[in-house]
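To start, the structure under review is shown below, and the notes come after it.
The values are calculated or read from the model by the stated rules, or taken from the named source; none is laboratory data. A quick note: this is a predicted structure, and the numbers were derived from the prediction, not measured. Here the Cβ positions follow ideal geometry from the backbone for every residue, glycine too, while neighbour counts run over all protein chains shown. Remember, those area values only see protein heavy atoms, side chains included, never the ligands or the DNA or RNA. Shrake-Rupley method; radii C 1.70, N 1.55, O 1.52, S 1.80 Å.
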Amino acid sequence: MNFENKVVVVTGGSQGIGKAICKGFAGKGAKVSILDIKEEETQKVVDEIKKDGGTAKFYKTNVMDSSSVKETFGKILKEFEYIDILVNNAGIVNTKPYEDVTESEYDLVMGVNLKSVFNTTKIVFPLMKKRRSGKIVNIASVAGKRGGGILGNTIYAASKAGVIGLTKGLAREGGPYGINVNAVCPGPTETPMLKEFKGERRNNFLNTIPLRKFGKPEGVANMVMFLASDLAEFITGEISDVDEGIMMD
Ligand SMILES: NC(=O)c1ccc[n+]([C@@H]2O[C@H](COP(=O)([O-])OP(=O)(O)OC[C@H]3O[C@@H](n4cnc5c(N)ncnc54)[C@H](O)[C@@H]3O)[C@@H](O)[C@H]2O)c1
């Protein structure tokens, strides 16, 4: 896979899976714009990428806020004019029982996990259509397929099911214009997000995973890069599990 000079935008790149995605693309020659709310942490990722000879820039952005996203893309498009690859990765988890979830928590989960994808694609999709080329990869979750039940709760599952629906719809609309839109569903992956999954519950669950291990951010990043590469020219509307075998049936 070679992303030499490709213009790549990744949301949520300060840590975890997003960080691995940014480093993966930058390591293969891409120019990576990283959108995140965490200033210091994301700047550190940019510095690491630059130290390794790559190209990256941080844009402080709240992806659930359409005006913040618009402002950032205005800046990115001044520098690059177009975007080759968009990765919607930013996300948050909620683990409460359904009856304890507040309206503001619901809005937050839906905002960061689902509306964010609407906000970025509202800008990027028409540009890709005009250029008749582009790749979009959304990070969903196995929770979106199975209604949660591992770490994320019901509203988390609903937000990720929404991401899967958006992915398939955009794949249908984008196909005739040379745009590939796919999603990746990670299983439990060793990132700061997974820290909430602990104790006996974690160990019991581990024993049910066919590969008997949790995923690594780089494993998800590899699938993202594959789907964004020329190798995946004939793949669109695909919801790919990187889940150590959890969803196997
Ligand atoms: N870790 C897992 O087990 C797992 C499993 C399935 C799916 N996922 C999904 O993978 C993606 C990455 O997860 P992770 O484990 O690396 O999570 P993480 O919590 O480690 O990182 C999430 C990133 O999103 C950023 N972010 C959060 N809210 C934001 C906002 N409003 N605007 C901009 N950026 C924001 C954070 O600052 C952080 O950089 C998420 O969409 C998550 O739902 C993770």
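Taking region 81-125 as the range and being within 13 Å of the ligand (Cβ to nearest atom), among the hydrophobic types (A, V, I, L, M, F, W, C) and outside any helix (DSSP H, G or I) as the test, the residues that pass are Val87, Ala90, Ile92, Val93. On the basis of being surrounded by fewer than 19 Cβ atoms within 10 Å (Cβ to Cβ), over 20 Å from Val93 (Cα atoms), in contact (Cβ under 8 Å) with a residue 60 or more places away in the chain and touching a helix residue (DSSP H, G or I) at 6+ places or on another chain (Cβ under 7 Å), does Gly175 make the cut? So Gly175 does not fit the description; no. Residue pairs whose Cβ atoms lie under 9 Å apart, sitting 6 or more positions apart in sequence or on different chains, and linking a residue in region 1-14 that is within 12 Å of the ligand (Cβ to nearest atom) to a partner that is open to solvent by 90 Å² or more (accessible area, probe 1.4 Å), are Gly12/Ile37; Ser14/Ile37; Ser14/Glu39; Ser14/Glu40; Ser14/Lys44.
The C-beta contact set for region 229-244 (first residue of a type in the set (D, E, K, R), second residue open to solvent by less than 30 Å² (accessible area, probe 1.4 Å), distance under 6 angstrom, 6+ apart or interchain) comprises Glu238/Asn182; Asp241/Cys185; Asp243/Val142; Asp243/Gly187; Glu244/Gly187; Glu244/Ile209; Glu244/Gly215.
Among the residues of region 126-147, those that are surrounded by fewer than 19 Cβ atoms within 10 Å (Cβ to Cβ) and either over 16 Å from Leu170 (Cα atoms) or touching a residue at least 12 places away in the same chain (Cβ under 8 Å) (or both) comprise Leu127, Lys129, Arg131, Arg132, Ser133, Lys145, Arg146, Gly147.
The criterion of at least 2 residues that are farther than 21 Å from Pro97 by Cβ and away from the ligand (no atom under 12 Å from the Cβ) is met by the following helices (runs of 4 or more DSSP H) wholly inside region 126-208: 154-174, 199-206.
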